[in-house]
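Only the coordinates and a few stated rules stand behind these numbers; no lab work does. Since we're looking at a predicted model, the values are computed, not measured. Note that each Cβ is placed from the backbone with ideal geometry, even for glycine, and that neighbours are counted across all protein chains shown.
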Amino acid sequence: MRTGNECKILVRGRIAVQLERVLMVSHLFRVVTLAVLAIALGTPAWAQIDFSGEWAPRIWEDAPERVPGPELGDYLGIPINEAARMRGDTWSASIQTLPEWQCRPHSADYIWRGPSQLKIWKEVDAVSREIVAFHAEWLRSVDRPVYLDGRPHPPEQAPHTWAGFSTGRWEGSMLTITTTHLKEGYLRRNGLPRSDKATIVEHWIRAGDFLTAAVIMHDPVYLTEPFMRTSDYEFLPTQNIPPYPCGIVQEVDRARGVVPHFLPGTNPYLIEFPRRWGIPVEATRGGAATMYPEYRATLRSLPPPPAETRAGNR
Amino acid sequence: MIGYAARLTASLAVAAAIAAAGASTLARAQQAQPAGAGDLQIVQVRQNIFLIAGAGGNITLSVGKDGVLMVDSGTDASADRVLAAVRQIQRDVADREAAIEAATRIKWGAETRSTVVLERDPIAPVKPIRYIINTHFDPEHIGGNLQLRASGRTFTGGNVAGNIADAAEGSAIMAHENVLVRMTRPDAGQSEAPADALPTDTYYRDTMKMSHFFNGEGVQLIHMPNAHSDGDSIVYFRGSDVIAAGDLFSTTSYPVIDLDRGGSINGVIEALNRILDLSMAEFRTEGGTMIVSGHGRIGDAADVAYYRDMVTIIRDRIQDMVRKGMTFEQVKAARPTLDYDPRYGNAPGWSMDQFVEAVYRSLRATPPPTTPRGRT
């Protein structure tokens, strides 16, 4: 038999348990309610995650390409067609000394691969506080807005730019971006072109202090399949991107109207890449097949690159 | 005396009105498919300069207080739709300018508390099409001359009109002299253009400047000899920094070279280089001078440079083959345009083979250029 005090304690304990249950239910109710409200009221313009800040490129991935640049004639792993291959074969780096080529920035799709620092800032509507756009700007690029406010892409006849015209939508915490209206650019800095008809799809993914951008190029002119590349950046709040002025000068004294290029079949440098690395020439020519692991079997059946002769022919 | 705060407020109000009006015009223009204009597309190039696309060749417009100046007139079949589009743009520009004027009007005493002044203002009729400039004589660029000219008017007098009774009827049509020559001496089996579709003002030297500003800027015609044809002009809007390039620049096809009417590949390349000479990029080699193509989208110097590069590279390849004595069939089989064909080789009416043949014939007909070609 319980004493009066024991009964009081028991009653208090039961009350406490009941109260705790009520509170738990109440808390659960609040959580569920807030979640439902968040889903109901959430709009694409609210950031599921914030990309704003200073980002430093992590260039250990494909470093030789991202700093010094790819080797001439290295088209491995890129789903190019024969037209793109010919553009690469006949490309001369000397074209970049033309006044119209100097100071060109990388296009929105390629700039991720550069060694430039990146700054992302968000443009916020003063009234609704919804995000109008994220703006990305690298050291050697132009401002690139990614609009989240639902605006349409420009009409077909509108100008194309290095940044293109980008709109984004949230897929969970991943931002998926579609870019049109790009000027012609390049898949690699060895003359492989990306046309101005291309559409670029990007996925921005932030995991803590790391940002990964997956860039998928769809080019009906020069690609036979979509071409995807990922690049990584690390949050670096102490970074401050300096100005990058660029002056156009006369770099080479050449006659008016000359455009540097190689006539088809005359580029002597294409053989250097397969010869240096012992890769079959056919493999270096790229194409969709060279993207896939199965191509390793094909590689074994291909002849090695021709050796250099004593005369040093290429 | 108006205080600084009042002036600042007024300035901000004006700026806001201008920005809102400009943005509104731009937004409407970019999305506009005005009633009667059918599937034509309108794109604002600069403040008072617009592109109408889809009427054959591209049409560039200057629209403002002085009326309308058109560069090219599209096809005959599109003229009604073009006129509807022009009127829509005029209304939009008039709305914008009215908004700016209302914001900047000096208000005195009671007028600041009354809407009577605004309400009694009648809606002014839009100004006529006063000038049509033909960049060359292809039907999709001059086909609308007759109808569009008839809807316009020439303000004339003094030493211009003399006793010519109909001098004020219709718009003036300006072009290089060879456009008039070609239109009045048609090929066998083709009929001569109607008199009212012919250029009324021609020039035969390097350039022709309009005798006065139009919509606040100088407008200059610059002849590009023996390029697409022998009658090519580009039109340079010097204040807006816009060049209407006619068929010397296209984003949809290889350059069309009308060999039988004086065109040449080297003339096309020289014309593209001259356009680049006139152009200045705003930043990072884009923007600045805007260049309206004869077909396709609006470009800038970087776009023209890409196009110039492509045409020059193909010229050099075919020139090399001509030097080696290759026949046209051999040149065609060598596929000198293979790398650009997916981009430019499938245009209706101007195939890659037609382009290669035109370049080949052009180079066979002219001595090789003396400048070094290929890698440097």
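Summary table below
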quantity	calculated
HN-Hα J in Hz across segment A:202-219 - Karplus 6.51, -1.76, 1.60, θ = phi - 60°, x for Gly and Pro	10, 10, 9, 10, 10, 10, x, 8, 10, 10, 10, 10, 9, 10, 10, 9, 10, 10
Per-pair calculated FRET efficiency, R0 = 56 Å: A:GLN250 and A:GLU225 via Cβ, rounded to 0.05	0.85
Simple label model, 7 Å out from Cα along Cβ direction - A:ASN240 to B:ARG91, nm	5.4 nm
Aspartates and glutamates with Cα under 17 Å of A:LYS122, excluding same-chain neighbours fewer than 8 positions away	A:ASP50, A:GLU54, A:GLU130, A:GLU137, A:ASP143, A:ASP149
Under 12 Å, Cβ to Cβ, from B:GLY74 - net charge with Lys/Arg +1 and Asp/Glu -1	-4
Local net charge near A:GLY164, Cβ-Cβ under 9 Å (Lys/Arg +1, Asp/Glu -1)	+1
Förster radius 56 Å - calculated FRET efficiency between B:LYS65 and A:THR97, Cβ distance, rounded to 0.05	0.75
Karplus-derived 3J(HN,Hα), 6.51/-1.76/1.60, for each residue of segment B:213-224, Hz, glycine and proline x	4, 10, 6, x, 8, x, 10, 10, 9, 10, 7, 10
Distance (nanometres) between label positions extended 7 Å along Cα→Cβ at A:LYS122 and B:ARG274	5.3 nm
Sequence-distant residues sharing a close amide H with A:GLY69 (under 5 Å, placed H)	none
Förster radius 56 Å - calculated FRET efficiency between A:THR176 and B:ASP80 (Cβ-Cβ, nearest 0.05)	0.85
Inter-probe distance in nm under a simple model that places probes 7 Å from Cα toward Cβ, at A:ILE216 and B:VAL126	4.4 nm
Rounded to whole Hz, the Karplus (6.51, -1.76, 1.60) HN-Hα couplings of segment A:84-96, x for glycine and proline	5, 4, 5, 4, x, 5, 9, 6, 10, 4, 5, 4, 6
Rounded Å value of the spacing that divides the Cα centres of segment A:256-280 and segment A:84-123	19 Å
Nearby aspartates and glutamates by direct alpha-carbon distance to B:LYS65 (threshold 18 angstrom, same-chain neighbours under 8 apart not counted)	B:ASP92, B:ASP95, B:GLU97, B:GLU101, B:ASP121, B:GLU217
